[in-house]
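Have a look at the structure below before the remarks.
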Amino acid sequence: MSRLRSITKHPTISLVESCSGLREIRQIHTQLLINGLLNDPFFLAQFLGSIALHHPNNMDYSQQLLDQSHNPTVFAFNSMIRAHSKGPIPERSFHFFHRILSSNLSPDNYTFTFLVRTCARVSLPKTSLAVHASVIKHGFELDPHVQSGLINSYAELGFLDSSRRLFSEIYEPDLVTRTAMLSSCARSGEVDFAQKLFDEIPYRDRDAIVWNAMIAGYAQCGRSREALHLFHLMQKEGVEVNEATMVSVLSACTHLGALDQGRWAHAYIERNRLHLTVTLGTALIDMYSKCGNMGRAMDIFWEMREKNVYTWSATIGGLAMNGAGEECLKLFDLMKQEGVMPNEVTFIAVLRGCSVVGLVEKGRKHFDSMTQVYGLEPELEHYGCMADLYGRAGLLDDAFNFINNMPMTPHAGAWGALLNACRIHKNMELGELALSKILELEDKNHGAYVLLSNMYADSKDWDSVSNVRQLMKVKGVRKIPGCSVIEVGGEVHEFFVGDKSHPRYGEIEVMLGEISRRLRLSGYVANTNPVLFDIEEEDKEDALCRHSEKVAIAFGLISLGEGVPIRIVKNLRVCGDCHDATKIISRVFSREIIVRDRNRFHHFKDGECSCKGYW
Ligand code: ZN
Ligand code: ZN
């Protein structure tokens, strides 16, 4: 807090701040007792404040100092409140607030500034309301730092309306308050309102915090192109880019699968010598692995000197997602050897890795180790992974029993994994049962209807396919429009099914004709059953099945250099028809095609796909 820093600092205080541990602090303390400086209540407050803030592990020591002092100032209490508002047990701030109230002292604007920050961290509605009441009682409701803290704490509680009301009551909100409101809106997903606030802030006042909040807001709600656009504007404005900016930028690239822009962001980090913190390094690994460049992700992993559990988990998860199950498990072993404690996220990655290579026993062992060795309670997603593991290996009964024995109500994800396994292993009876379970939970689950109808279609049971279609109509199940994204020359191109708005659509059309000609020559016959057209996740426009990924592939073929792999990110599951066609395209055009669909990666090469038909 700059307002506190502006108070003249005694040289001894700087010494305390740079101490390596309690021993040195004690030495300084002894000297201060000898020279009598500690009798100055103002100095004492600075001393214990610097211990509390710079040596959070020795918070008890600063509290002892406070307890032993005869006439502590409100500054001393504020220092403790401030330290605890950032510390591991923020609730302790309230203890010191009560001590202020029970002494002859009066809380000041700093007290409340720190106290509302505590409220934002502990997220207890009643406490926040009580603090707010106290703010009003002591007459600090117009202090901009207190106001912005209150806005933040209500936003943290999910009371965005209260935040907005507070904000609207401020006659002329200053930058601090605007930033708080903007960050709050951008974080719980109200990006459009945040953008409005952003537009109202004069250019010269938009600092890195404001820009970062906006970019993060767009990145977090999946509006990645807008996040990247804003990042480019930020640079034009000459605002200093920092770690937080780049983490959001990388996350936007990851979401889009925009490898070129991700690479560019990486080069930017290196060029501007931004310190590669654990968070930034992990974001880079995540970007490269989710953009399908696992080799580069591994390079960064090995280069990083400091790694935390998220770094390991992102890398292990990346290997699993890219189909490298064996490597994924090897890395997990190494993680344990290095003494890094896995968490829930790690185990999702590990179980997915086991699933990819069909290691049922190993998967089970890892799953059991969660509770038995690491004291972690498996969550729904872990159970879903196990259902997938059994199902993929063809152990449908085991999958079914496993789901039935879950200690909690199974979720649609677990039944969905079983349904998908039933489709692959052609078990109609169990598939129907799984679907009925899914519909009990989510009666408009579009993906589940599609899976079942595909099962009927595979067995040429067109009547049942028609029935599913009818049922979907009756229930009003809505389709999500299919969308494929491809990056060419650092620019992201989006294709929706049936969308002909692309400036090069004419050339794309010609290439689509060429693709279907070569597919026909190679003996490929598109599945042209009209019932199937209607029920797939995406509508089929014509017999060529111009799903968005086919259009994106055609665009890739005309716009990317010879031999450059085509990378596509699709928002839905790849349909059977497109999967077959893409395999052949990869062979007849000698082109590597990497498709990241909603669930996994498909690396198409020489007429084969890395998923081996299981997706
Ligand atoms: Zn398709
Ligand atoms: Zn595949």
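The values are calculated or read from the model by the stated rules, or taken from the named source; none is laboratory data. Bear in mind that the values here come from a model prediction, so they are computed numbers and not experimental data. Note that we place each Cβ from the backbone using ideal geometry, even for glycine, and neighbour counts take in every protein chain shown. Side chains included, ligands, DNA and RNA excluded: accessible areas come from the protein's heavy atoms. Shrake-Rupley method; radii C 1.70, N 1.55, O 1.52, S 1.80 Å.
Below, the figures for the structure above:
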quantity	calculated
P(r) weight above 25 Å for region 187-286, C-alpha pairs, percent	14 percent
Gained length - N405 relative to N104, 0.36 nm times residue gap less alpha-carbon distance	102.3 nm
Two-site FRET efficiency, L433 against T371, from Cβ-Cβ distance with R₀ of 35 Å, rounded to 0.05	0.80
Label-point separation, N35 to L22 (7 Å along Cα→Cβ), nm	2.5 nm
Within region 391-479: Cβ-based charge dipole about Cα centre, in debye rounded to nearest 20 (Lys, Arg +1; Asp, Glu -1)	460 debye
Inter-probe distance in nm under a simple model that places probes 7 Å from Cα toward Cβ, at T277 and D499	3.5 nm
Apportionment of accessible area to carbon and sulfur, the chain, percent (1.4 Å)	51 percent
Calculated FRET value between E608 and K479, using beta carbons and R₀ = 35 Å, to 0.05	0.70
log₁₀ of I(q)/I(0) at q = 0.06, 0.09 Å⁻¹ - the chain, Debye sum with one point per alpha carbon	-0.43, -0.90
Contour minus Cα-Cα distance for E514 and K336 (0.36 nm per residue)	58.9 nm
Dipole-positive endmost among W312, F555, V474 within the chain (Cβ charges, Cα centre)	W312
Positive-end extreme of charge dipole, region 220-287 - chosen from Q220, V241, L259 (charges on Cβ)	L259
For region 391-479: relative contact order, % (alpha-carbon pairs under 8 angstrom, 6 or more apart)	23 percent
Over region 1-153: Kirkwood hydrodynamic radius from C-alpha pairwise inverse distances, Å	15.8 Å
Relative contact order (%) - region 21-112, alpha-carbon pairs under 8 angstrom, separation at least six	23 percent
In degrees, nearest ten, helix 144-156 long axis to first principal axis of the chain (Cα)	40 degrees
Cα centroid separation - region 593-615 against region 176-192, whole Å	39 Å
Given charges at beta-carbon only (K, R positive; D, E negative), |dipole| of region 9-101 in Debye	120 debye
Residue-level accessible surface for D207, protein heavy atoms, 1.4 Å, Å²	60 Å²
Solvent exposure of region 251-297 as accessible area per residue, Å², 1.4 Å probe	39 Å²
Cα-Cα over 20 Å, subset of K473/K570; K290/K444; K550/K583; K444/K473; K473/K500; K550/K570	K473/K570; K290/K444; K473/K500
At R0 = 60 Å, FRET efficiency that the Cβ-Cβ distance of V309 and L521 yields, to 0.05	0.70
Solvent-accessible area per residue, Å², over region 391-479 with all protein chains present [probe radius 1.4 Å]	49 Å²
Nearest-ten-degree value, helix 74-86 long axis tilted from longest Cα axis of the chain	20 degrees
Unit charges on C-beta of K, R, D, E only; dipole of the chain, Debye	440 debye
Contour excess over end-to-end distance, with Cα ends at S69 and W462 and 0.36 nm allotted per residue	133.0 nm
Helix 294-303 axis, angle to the chain major axis (alpha carbon atoms, nearest 10°)	30 degrees
Whether region 391-479 is rounded, prolate or oblate, judged on the alpha carbon gyration tensor where a/c under 1.5 counts as rounded	oblate
Solvent exposure ordering (accessible area, 1.4 Å, most first) of Y171, Y449	Y171, Y449
Compactness of region 474-516, expressed as Rg and Dmax over alpha-carbon positions, Å	13.9, 45
Simple spin-label estimate for E507 and I89 in nanometres, 7 Å along Cα-Cβ	6.6 nm
